[in-house]
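Step one of this worksheet: look at the structure below.
The values are calculated or read from the model by the stated rules, or taken from the named source; none is laboratory data. On a predicted model such as this, the values are computed, not experimentally measured, just so you know. Neighbour counts are summed over all protein chains in view; Cβ atoms, including those assigned to glycine, are modelled from backbone coordinates with ideal geometry. All accessible areas refer to the heavy atoms of the entire protein, side chains included, with ligands and DNA or RNA removed. Shrake-Rupley method; radii C 1.70, N 1.55, O 1.52, S 1.80 Å.
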Amino acid sequence: MTDPASTPACPKCASAAHTRPKLLLIEPFDSAHFEQAPDTRFGCECHGQLRVDGLKPHAVAEAPLQQFVSGLYCQACGIGFVPDEMAKPAPQRWMPTPQGFRPIQPDGSLGPPQARMGEGHSDAE
């Protein structure tokens with residue numbers, strides 16, 4: 001049995017009172033659909049990036065069951081979700097400006113202009 005105090009809150013109602021573990025079926029990555037509609041999932045009106053390739057490797061089962069994920073379900077809102085620690089971090093987004101490329105910060109503001117994308121951001125080798 002899981003401890004209710006450690007259960008992540010539902011992203012819609014922000015409460016953990018009605019959240020319970022549930023096996024979720026998520027879709028594989030579809031590059032053709034992603035090019036046409038990057039912010040929506042095919043086959044439902046969900047928003048977000050709940051796809052196999054958007055999860056950390058430890059959260060994905062081996063083939064052929066990789067589409068089944070141990071997630072959470074909010075009975076009050078009727079939505080399934082995974083805890084943040086299962087998801088890969090979102091990639092850095094950039095906006096081209098006349099001054100150079102500017103990173104888009106998590107709060108939506110723009111960072112300092114840079115001559116090219118990735119400048120000033122070090123990647124772990």
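Here's the yes/no breakdown for (1) touching an Asp or Glu at 6+ places or on another chain (Cβ under 7 Å); (2) at pLDDT below 85; (3) within 20 Å of Ala17 (Cα to Cα):
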residue: Ser70; (1), (2), (3): no, no, yes
residue: Gly100; (1), (2), (3): no, no, no
residue: Pro106; (1), (2), (3): no, yes, no
residue: Leu110; (1), (2), (3): no, no, no
residue: Gln114; (1), (2), (3): no, no, no
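Checking each residue in the range 1-33 for being open to solvent by 80 Å² or more (accessible area, probe 1.4 Å) and at pLDDT below 85 picks out Met1, Thr2, Asp3, Pro4, Ala5, Ser6, Leu25, Phe29. Scanning the range 102-116 for residues that are open to solvent by less than 90 Å² (accessible area, probe 1.4 Å) and of a type in the set (Lys, Arg) yields a total of 1.
Looking at the range 34-57, which of the residues that are modelled with pLDDT of 70 or more and either more than 15 Å from the chain's Cα centre (by Cα) or in a strand (DSSP E or B) (or both) is nearest to Ile79 (Cα to Cα)? If we take residues in the range 34-57 being modelled with pLDDT of 70 or more and either more than 15 Å from the chain's Cα centre (by Cα) or in a strand (DSSP E or B) (or both), then Leu55 is nearest to Ile79 (Cα to Cα).
A Cβ distance below 7 Å, combined with a sequence gap of six or more or placement on separate chains, defines the contacts here; from the range 78-101, residues that are open to solvent by 90 Å² or more (accessible area, probe 1.4 Å) reach residues that are assigned to a loop (DSSP other than H, G, I, E, B) in the pairs Lys88/Lys56; Gln99/Pro113.
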